[in-house]
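Engineer: Questions regarding the structure given below will be posed in turn.
The values are calculated or read from the model by the stated rules, or taken from the named source; none is laboratory data. Treat the numbers as computed from the prediction; the structure is a model and nothing was measured. When we count neighbours, we look across all protein chains shown, and the Cβ atoms used for this are built from the backbone with ideal geometry, even at glycine. Surface areas here come from the heavy atoms of the whole protein model, side chains and all, with no ligands, DNA or RNA. Shrake-Rupley method; radii C 1.70, N 1.55, O 1.52, S 1.80 Å.
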Amino acid sequence: MSRSERKIDHIRHALGHEREFHNHFDDVQIVHQSLAELDFHQISIASQVGELNLSSPLFVNAMTGGGGRETERINRELAVVAKQAGISMAVGSQMSALKNPEERRTYEVVREENPEGILFANVGSEATPDQAVEAVRMLGANALQIHINTLQELIMPEGDRDFTKRSVNIKRILERSPVPVIVKEVGYGMSKETVDKLYDMGVRYIDVGGRGGTNFSKVENMRRERPFASFNNWGIPTPSSILENAARYSDLHLFASGGIRNGLDGSKALVLGAQAFGMAGALLKVLVEEGPDNLLSAVDHIHQEVKMAMMLLNCTKTQELKGKPYVLYGQTKDWYDQRNP
Ligand code: FNR
């Protein structure tokens, strides 16, 4: 199967696979505070994440490009909505365009549609520094995501098997990148041990990319004759991954993603310690099933939900959400008790 056919398969299976019955954001309850004393209009969702000035804590996380016209159309429509809603956007892995220039269009369209927007380029950790810099140039990107996805590769029959150069590569890309580098998972979460290693390499931006939403074990297993179903629930749920890392380093910038369904889940991510939150599968579903106008109104709804949570907690700025009182239940509490003593 060609790389571009695989991109279309990913979209189909990402939309079609069954989500986990339990979403771990339901284990997190923000403690209600009765005495709100703000005017709703005072509330600003503008968010600073390190060097990045975002107009919203919500961003469209990496999904597609590299699969010909269909992925070009999806990226165009996502870019138009991102521009109208004032949210930042990542593109899917650009490795295909770095190998096949015909696919460049499927990514470049995002900058064409949104000349002033905040855009994240995306490459795998196997990219050379030259390829990483070229991916940034292709988009005129404001940041670069490096995705790490070991389990996805292992389940993919045609996936990578040799990761021996990963750390060296990441370090070399960090040295050369003209923009902030975000190392991200793709739905398996990041442990504190992983983040410690990345921090020592010089990484200062992490997207925990936790378990709970799009599940790449299931997506890749749907493409296999004999699935590795035993790995379908592998990974660290997003709230646990945020909690493992939020208080670790004062100069580490944390993006949360994986299984965020709405603005309240996003607000919980910010309360637990993330500075911004990404959504991929849930936004793609609205776009594909209901069209760009409905996606725009869904994003507006998410913004309203974030502002409502901020109002209830008396916050005029998103960064004030961090550390507001919350209670943990169930598996997330068990994880916290054993891993954050
Ligand atoms: C993805 N994701 C992804 N991530 C990445 O870094 N590079 C990529 O090329 C892709 N491709 C991709 C395709 C499709 C169709 C989906 C839905 C997702 C992963 C994505 O950015 C995110 O980390 C996970 O999907 C978890 O977030 P959600 O979907 O649960 O909100």
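Engineer: Here are some conditions: (1) outside any helix (DSSP H, G or I); (2) within 13 Å of the ligand (Cβ to nearest atom). Arg6 meets all but one. Which one does it not meet?
Structural biologist: (1)
Engineer: Something else about it: Can you spot a residue in segment 218-241 that is away from the ligand (no atom under 13 Å from the Cβ) and in contact with a Pro (Cβ under 6 Å, 6 or more places away or on another chain)?
Structural biologist: Yes, segment 218-241 contains a residue that is away from the ligand (no atom under 13 Å from the Cβ) and in contact with a Pro (Cβ under 6 Å, 6 or more places away or on another chain).
Engineer: Give me the strands (runs of 3 or more DSSP E) completely within segment 228-341, filtered to those with at least 1 residues that are over 26 Å from Ala90 (Cα atoms) and open to solvent by 30 Å² or more (accessible area, probe 1.4 Å), ordered by residue number.
Structural biologist: 326-328
Engineer: Report every pair of residues separated by at least 6 positions or lying on different chains whose Cβ atoms are under 8 Å apart, first residue within segment 195-211 and over 13 Å from Ala246 (Cα atoms), second in a helix (DSSP H, G or I) and open to solvent by 40 Å² or more (accessible area, probe 1.4 Å).
Structural biologist: Lys197/Ser167; Met201/Ser167; Met201/Lys171; Met201/Leu174; Gly202/Lys171; Gly202/Leu174; Val203/Leu174
Engineer: Can you find, within segment 251-261, the residue that is nearest to Gly209 (Cα to Cα) among those that are touching a strand residue (DSSP E or B) at 6+ places or on another chain (Cβ under 9 Å) and more than 11 Å from the ligand (Cβ to nearest atom)? Steps first, answer last, please.
Structural biologist: Of all residues in segment 251-261, those touching a strand residue (DSSP E or B) at 6+ places or on another chain (Cβ under 9 Å) come to 252-261.
Filter again for more than 11 Å from the ligand (Cβ to nearest atom), leaving 252-254.
Values: Leu252: 15, His253: 14, Leu254: 10 Å.
Filtering segment 251-261 for residues that are touching a strand residue (DSSP E or B) at 6+ places or on another chain (Cβ under 9 Å) and more than 11 Å from the ligand (Cβ to nearest atom), the one nearest to Gly209 (Cα to Cα) comes out as Leu254.
Engineer: Here is a follow-up. Please find, among Val136, Val183, Val168, Val123, the residue that is under 16 Å from Gln94 (Cα atoms), more than 13 Å from the ligand (Cβ to nearest atom) and either of a type in the set (A, V, I, L, M, F, W, C) or open to solvent by less than 10 Å² (accessible area, probe 1.4 Å) (or both).
Structural biologist: On the way: Val183 fails: more than 13 Å from the ligand (Cβ to nearest atom); Val168 fails: under 16 Å from Gln94 (Cα atoms); Val123 fails: more than 13 Å from the ligand (Cβ to nearest atom).
It is Val136.
Engineer: Just checking, does segment 206-224 include any residue being within 26 Å of Phe25 (Cα to Cα), open to solvent by less than 10 Å² (accessible area, probe 1.4 Å), in a strand (DSSP E or B) and in contact with a strand residue (DSSP E or B) (Cβ under 6 Å, 6 or more places away or on another chain)?
Structural biologist: Yes, segment 206-224 contains a residue that is within 26 Å of Phe25 (Cα to Cα), open to solvent by less than 10 Å² (accessible area, probe 1.4 Å), in a strand (DSSP E or B) and in contact with a strand residue (DSSP E or B) (Cβ under 6 Å, 6 or more places away or on another chain).
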